[in-house]
1. Going from most exposed to least, what order do B:222, B:19 have by accessible area with a 1.4 Å probe?
2. How many percent of the accessible area of the protein assembly as shown is carbon or sulfur, using a 1.4 Å probe?
3. Could you pull out every one of the lysines with an alpha carbon less than 17 Å from that of residue B:109, ignoring same-chain neighbours closer than 8 positions?
4. For residue B:21 and residue B:354 in one chain, what is 0.36 nm times their gap in residues minus the Cα-Cα distance, to one decimal in nm?
5. Quick one: 3J(HN,Hα) in Hz for the stretch B:48-61, Karplus 6.51/-1.76/1.60 with θ = phi - 60°, rounded, Gly and Pro as x.
6. Beyond 22 Å between alpha-carbons counts as too far, so tell me which of B:114/B:262; B:312/B:382; B:198/B:345; B:312/B:368; B:331/B:368; B:262/B:446 fall in that bin.
7. Compute the Cα gyration tensor for the stretch B:1-90, then decide on rounded, prolate or oblate, letting a ≥ b ≥ c be the square roots of its eigenvalues: rounded whenever a/c is under 1.5, prolate when a/b is larger than b/c in the other cases, and oblate in all that remain.
8. Give the angle, between 0 and 90 degrees and rounded to the nearest 10, that separates the Cα long axis of helix B:409-435 from the longest principal axis of the Cα atoms of chain B.
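The values are calculated or read from the model by the stated rules, or taken from the named source; none is laboratory data. Computed from a predicted model, the values in this text were never measured in an experiment. Every residue, glycine as well, gets a Cβ built from its backbone with ideal geometry; the counts of neighbours run over all protein chains shown. Side chains included, ligands, DNA and RNA excluded: accessible areas come from the protein's heavy atoms. Shrake-Rupley method; radii C 1.70, N 1.55, O 1.52, S 1.80 Å.
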Amino acid sequence: MPENMPETERELSEQDARWHVIYVAVVVFAVLVITALYFFSRYFSS
Amino acid sequence: MRLLDWAVVVAYLVYVIWDGVRMTKHSGSAEGYFLANRSLPWWAVGLSVMATQLSAITLVGTTGQGYNDGMRFIQFYYGLPLAMVILCITAVPFFYRAKVFTAYEYLEKRFDLKTRTLTSFFFLISRGLGVGVIIAAPSVILSIVLGWSETATVFAMGLSTTIYTMIGGVQAVTWTDVKQMIIIFFGLFVCLFIILSKFPPEVSLGDALHLAGATGRLTTVDTTFDLKQTYTLWSGLVGGLFLMLAYFGCDQSQVQRFLTAKSVGEGRTSLLMSAFVKIPMQFLILLVGVLVFVFYQFQPPPMIFNRVEQTKVAEGARAADYGALNAEYEKAFAARQAAAVEYVKNEGSGGDPAARAAARDAYLAANKGFNEARGRGIALVKEASGNKTFTDVNYVFPTFVVQNMPAGVIGLIIAAIFAAAMSSISAELNSLATATTIDFYRRHYKPEADGRHYVRVGRIATGVWGIFACFVALYATSLGSLIEVVNRFGSFFYGSLLGVFVLAVAVPRARSRGAFWGLLFGITSVWIASRFTDIAFLWFNVIGCLVVVVVGYLLSLTVRDPQAR
């Protein structure tokens with residue numbers, strides 16, 4: 001982030017960055033849940 | 001139901017109706033009545049989003065599907081988390097900052113009035129039918145539990161919810177949703193705990209899951225790519241993604257939830273709550289159905305769960321056939337029970353693999369014989385009643401609850417089913433009234449009236465939609481698995497509605513005529529796909545959306561549009 005960026009824009013960028021981290025966390029969580037369900041199914045179906 | 005159960009249900013109803021009605025003081029203006037003055041916290045909106053989607057059908061139909069088919073239905077929700085992320089990036093800030101009452105208002109700014117009116121009209125049709133089906137589910141339960149006629153039950157349920165929604169507006173809807181979600185979760189956990197406590201002492205949770213797994217009921221990921229198969233990983237990830245994008249991003253009943261949030265951030269967080277909770281919650285509900293299946297390995301289930309139809313056949317002209325089939329069914333159950341006990345014993349011992357495999361094969365053969373016997377019973381009901389689409393999937397869970405739960409808990413589960421139904425019905429009616437008032441009455445008939453006038457119109461519209469939904473509910477009770485019926489209704493329109501919003505937001509070259517005709521082409525293509533192919537309904541969302549975008553784009557290239565912006 002450029003150092004001369006105005007305060008409000010800097011805050012907005014920081015907010016956006018925080019949201020992007022949250023979005024990635026949501027998708028990773030979903031992949032983990034589906035993977036866990038797959039192994040759960042395989043374990044009890046064998 | 002005993003006195004204690006009645007007390008629980010009545011206490012719940014009185015509290016919810018009182019809670020909804022007392023919100024009247026906050027709903028004097030149009031902004032207050034339809035959008036709660038955009039003042040609600042994320043957790044309340046998030047619970048309301050979940051409560052709106054989680055109807056009584058989710059409890060009754062999904063547990064029935066868990067019992068009959070197992071967990072494959074969970075794949076339907078695999079596209080939801082990604083859909084929520086996409087909507088948080090696009091729809092939430094977009095609609096919130098546009099300061100609109102309905103999602104369709106924006107389409108007039110981007111395209112023209114007729115596109116807004118057409119999309120809002122399709123929303124009214126699909127949701128008007130959908131809310132009818134949502135009323136039908138708890139009415140089916142009440143008709144069994146209380147012995148009321150379905151007609152009386154539909155009107156009792158639908159009209160009581162309509163009244164409190166008319167009076168309280170969106171604030172009443174949201175705050176009652178919060179309490180209703182708490183009751184639903186509490187009821188589910190109590191139910192799960194009691195089912196587990198009713199297993200024979202030698203059957204652990206692990207044994208129960210192995211039994212269910214052996215019959216394929218724990219399949220949660222099916223990687224088969226088959227467009228005709230309803231629930232697969234691909235239909236869930238792709239078809240489910242499109243459906244969820246359309247449902248949460250273009251359906252007023254959900255858009256109106258996050259429009260009531262305090263800020264864009266709170267609106268986003270409310271949707272992400274579903275992204276985290278929805279799949280585990282559906283797993284819990286399906287698990288209840290699967291464990292009911294395991295419970296009935298050791299306790300005799302009725303051959304026909306719909307006791308009204310069962311009594312008709314057992315006492316009608318085909319009574320002798322029914323008696324013979326029932327005797328066969330009881331024999332098949334005894335054989336399966338013995339095989340299940342043997343299977344559990346061998347699984348638990350961890351001994352000889354050959355003996356375990358033999359016990360498993362014997363159990364699967366006995367289970368097949370049992371299913372065939374039950375299938376013959378259902379075929380007899382179809383013949384005797386003349387209803388070729390008869391299914392008793394929706395009767396499994398309520399029958400189990402009434403026959404096996406202790407006093408007080410039956411009341412709690414019935415209250416939870418009521419809560420699920422009322423939370424969805426109220427939100428749907430409120431959104432139908434909002435679209436009718438804002439997109440039709442205010443836009444086409446009386447644009448300059450004051451806020452109080454629109455609140456009055458909104459209340460009248462809520463009442464009219466409530467009555468319409470009751471009549472649809474009467475028809476819906478005779479259809480198959482209720483949850484699929486609702487999703488089918490949705491899938492006829494959702495994909496095409498999504499296509500119009502994609503054109504609006506992501507295709508700068510799109511013009512009004514392209515959007516309008518694209519929408520009509522999209523819905524026609526979905527109708528053709530459903531009429532002339534065996535493609536599973538989740539894919540209709542993809543077909544509808546793609547046809548609208550492609551046709552809309554091509555028409556926009558070729559048709560001169562003087563109103564283009």
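1. B:222, B:19
2. So the carbon and sulfur contribution to the accessible surface is 65 percent.
3. B:99
4. Once the chain is fully extended between residue B:21 and residue B:354, it gains 113.4 nm.
5. Rounded to whole hertz, the list is 5, 4, 5, 5, 5, 6, 8, 9, 4, 4, 4, 6, 7, x.
6. B:114/B:262; B:312/B:368; B:262/B:446
7. Oblate, because a/c is 1.5 or more while a/b does not exceed b/c.
8. Rounded to the nearest ten degrees, it is 20.
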